[in-house]
1. Count neighbours as other Cβ atoms within 10 Å of each site's Cβ, and list the trypsin sites (Lys or Arg not before Pro) in the range 1-80 that are DSSP loop with at most 16 such neighbours.
2. Amide H neighbours of Ile193 under 5 Å, counting only residues 5+ apart in sequence or on other chains, H built in-plane at 1.01 Å?
3. Ile101: net charge of surrounding residues, Cβ under 13 Å, Lys/Arg +1, Asp/Glu -1, itself excluded?
4. Under 21 Å between alpha carbons, and skipping anything fewer than 8 positions from Lys55 in its own chain: which lysines qualify?
5. Once both axes come from the Cα atoms, what is the angle between helix 172-188 and the longest principal axis of the chain, in degrees from 0 to 90, rounded to 10?
6. For the chain, find the longest principal axis of its Cα atoms and tell me its angle to the long axis of helix 202-220, 0 to 90°, nearest 10.
7. At 7 Å along Cα-to-Cβ for each site, give me the label-to-label distance between Leu121 and Val219 in nm.
8. Residues of the range 93-123 with backbone nitrogen within less than 17 Å of a virtual label 7 Å along the Cα-to-Cβ line of Cys70, please, listed as ranges.
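All of the numbers you see were taken from the coordinates with simple rules; none came from a lab. Please read these numbers as outputs of a predicted model, since none were measured by experiment. Every residue, glycine as well, gets a Cβ built from its backbone with ideal geometry; the counts of neighbours run over all protein chains shown.
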Amino acid sequence: MGNYKKLTSGLFISFEGPDCSGKSTQVNRLAAKLKDRGYAVLETRDPGGTYIGEKIRHFVKHVGGENAVCDEAELLLFCAGRAQLISKVIQPFLNEGGIVICDRFADSTTAYQGYARGFDLNFINALHEISTCGCWPDITFLLDLEICEASSRNKTRLIQNNESDRIEEESITFHENVRKGYLKIASENPNRIKILNADEDKNILHDLIINYVDDTIRVNSSQV
């Protein structure tokens, strides 16, 4: 990593929340800020981030009709893609003292496939133990947004981009359950997950995120 600042155990940051909640904007701004400070920063996404992961992302999210994956395959494929991402990309970068910023991670599976699809949470947690290889974010930002607003933003995006998204086109009830799931997960992990109002001004959100990250670096990591 050359002359970049390094952290002894690296730093793993994830962003969660519905599509169109501003995750990508905040990921990009945080990455730029940390790079300006001299850190080695890797931006990635889950599902995705590897050749296999991007193929899984396409098949699960964008292939519909009679060729669409079933709910069981959806769950297992997401976990498989995550295992590849951790093994090939995230863990090696953390081992070198870098900072990883990931758009979604295992909390998404718990919220979407657990709370919304209805798969057994104990089973999902067992899958997490395998697929994450014990690697979890040091800090997670949950950009919380009212479902009606998220749905409206997402419909506009899909129309503008002339694309479909099998999961994001699920019912309002489905996405309400996703949100409830996220808030439940956050309540059970208050030290890791920070809930942010996605309707807040993006500059204010950025400042809050930077402050949380600075605190996390001070508490959990020592620079070398």
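1. Arg37
2. Thr140
3. +1
4. Once the sequence-local lysines are set aside, what remains near Lys55 is Lys88.
5. Helix 172-188 and the main axis of the chain meet at about 30 degrees.
6. Once rounded, one gets 60 degrees.
7. Simple spin-label model gives 2.3 nm for this pair.
8. Label zone hits: 117-120.
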